[in-house]
């Protein structure tokens, strides 16, 4: 099992402090946790093809890692013919992109996608020439000059420059870090040469069994950690219009769409006194859940391999990301599932058979079953998993609710997803 960390493509590492595999390896799997270049070092993209900086370097690092795993994992008692890639947030988007990239084809056999995806508003990037020209004071559209200045800088200076690049938590603008579409005719091996959404729609991707899902209130951490961005989102509802709808900010269509979004989530409330749970739902859907659910629905049209969808509702003392945000409101934050897969450095003592202990063992059993068999259900009776996890199909949109108890349900957050489906159909 190869884990790809999150961190918005700007932070994170394979540190054992954050990804201690103690829990997972109890279920007899080999865990590989990787590093990849992040920030400008991993995702710098310049337009001039002669500069040979097309972008996606961080993703190409991941491909290189998977090649290494295929060549060497036998030495670590692993099986090169049974490789599962899994990742969270930006790592989940990376896993999804690896499914879409011809460069990674055949290097893995199953995919687990946690709270992120390739068509997410948080996954793609701008080209950097213009903004770096402004920050560095070089002449506009001179990518060579930008590159020369960057090459003269220390890593610390590059990081300081990176911190000056605006990256607000708005869905209305493309981020400065993530994937770009490369020219198919460029030299070397491009990672991605077509839009992810089009590849998925046409069924042109590496078809493997997929387990994917989200947490009940993914966006609950945003108002406390990114206070200014969240205040802006309430003050200017057009900032909640996803950029991939293709609507120009300030246009009649954009303003009408913003109004529809506001009325759906808040009704007739005043924005400054909006119901906080509805705000969390909007943040969760807009940044994470909508695009993941849309991906699942599109994959179900083409992939003959099973797809398993989950929603995490389990709340215990192990929900670290929510605790760090200081939020008391009910709901599971973005990142909270990681404490059940990796032994994070938190003070909670795990009492045998407690809800925390059962949660850890249940998550690990589901994930490792899927890695071993392509099916999260145990092949024999298992008291940890008394309820069968049914695959997600177009006919039966089944999902597995992972809470204090587990249950099999259909049509997750139905009205919210239908709202967005209709929104995309009418644009």
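Residue-by-condition table, conditions (1) under 28 Å from residue 390 (Cα atoms); (2) at pLDDT 95 or above:
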| position | (1), (2) |
| --- | --- |
| 262 | no, no |
| 266 | no, no |
| 271 | no, no |
| 278 | no, no |
| 284 | yes, yes |
| 302 | yes, no |
| 306 | yes, yes |
| 320 | no, no |
| 323 | no, no |
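Can you report the number of residues in the stretch 97-134 which are more than 14 Å from residue 195 (Cβ to Cβ), at pLDDT 95 or above and not in a helix (DSSP H, G or I)?
Here the count works out to 12.
When you look at residue 280, is it without any contact (Cβ under 8 Å) to a residue 24 or more places away in the chain and buried (at least 19 other Cβ atoms within 10 Å of the Cβ), yes or no?
Considered against the rule, which asks whether it is without any contact (Cβ under 8 Å) to a residue 24 or more places away in the chain and buried (at least 19 other Cβ atoms within 10 Å of the Cβ), residue 280 comes out as no.
Considering only the stretch 54-96, state which residues are at pLDDT below 95 and in contact with a helix residue (DSSP H, G or I) (Cβ under 9 Å, 6 or more places away or on another chain).
Once the filter is applied, which keeps residues that are at pLDDT below 95 and in contact with a helix residue (DSSP H, G or I) (Cβ under 9 Å, 6 or more places away or on another chain), the stretch 54-96 yields only 55.
Does the stretch 66-74 include one or more residues that are within 19 Å of the chain's Cα centre (by Cα) and farther than 16 Å from residue 206 by Cβ?
Checked against the condition, which is being within 19 Å of the chain's Cα centre (by Cα) and farther than 16 Å from residue 206 by Cβ, the stretch 66-74 yields no hits at all.
Kindly indicate which of 63, 2 is more than 23 Å from residue 166 (Cβ to Cβ), under 16 Å from the mean Cα position of the chain (by Cα) and touching a residue at least 12 places away in the same chain (Cβ under 8 Å).
Exactly one of 63, 2 is more than 23 Å from residue 166 (Cβ to Cβ), under 16 Å from the mean Cα position of the chain (by Cα) and touching a residue at least 12 places away in the same chain (Cβ under 8 Å), namely 2.
Determine if the stretch 235-242 includes at least one residue that is touching a residue at least 60 places away in the same chain (Cβ under 8 Å), farther than 30 Å from residue 102 by Cβ, more than 23 Å from the chain's Cα centre (by Cα) and surrounded by 14 or more Cβ atoms within 10 Å (Cβ to Cβ).
yes
Regarding residue 116, is this residue under 20 Å from residue 13 (Cβ atoms), surrounded by 24 or more Cβ atoms within 10 Å (Cβ to Cβ) and touching a helix residue (DSSP H, G or I) at 6+ places or on another chain (Cβ under 9 Å)?
yes
Could you run through the stretch 9-33 and say how many residues are within 18 Å of residue 346 (Cβ to Cβ), out of contact with any strand residue (DSSP E or B) (no Cβ under 6 Å at 6 or more places or on another chain) and crowded, with 18+ Cβ neighbours inside 10 Å?
Here the count works out to 4.
The values are calculated or read from the model by the stated rules, or taken from the named source; none is laboratory data. Quantities reported herein were computed from a predicted structural model and do not represent experimental measurements. Note that each Cβ is placed from the backbone with ideal geometry, even for glycine, and that neighbours are counted across all protein chains shown.
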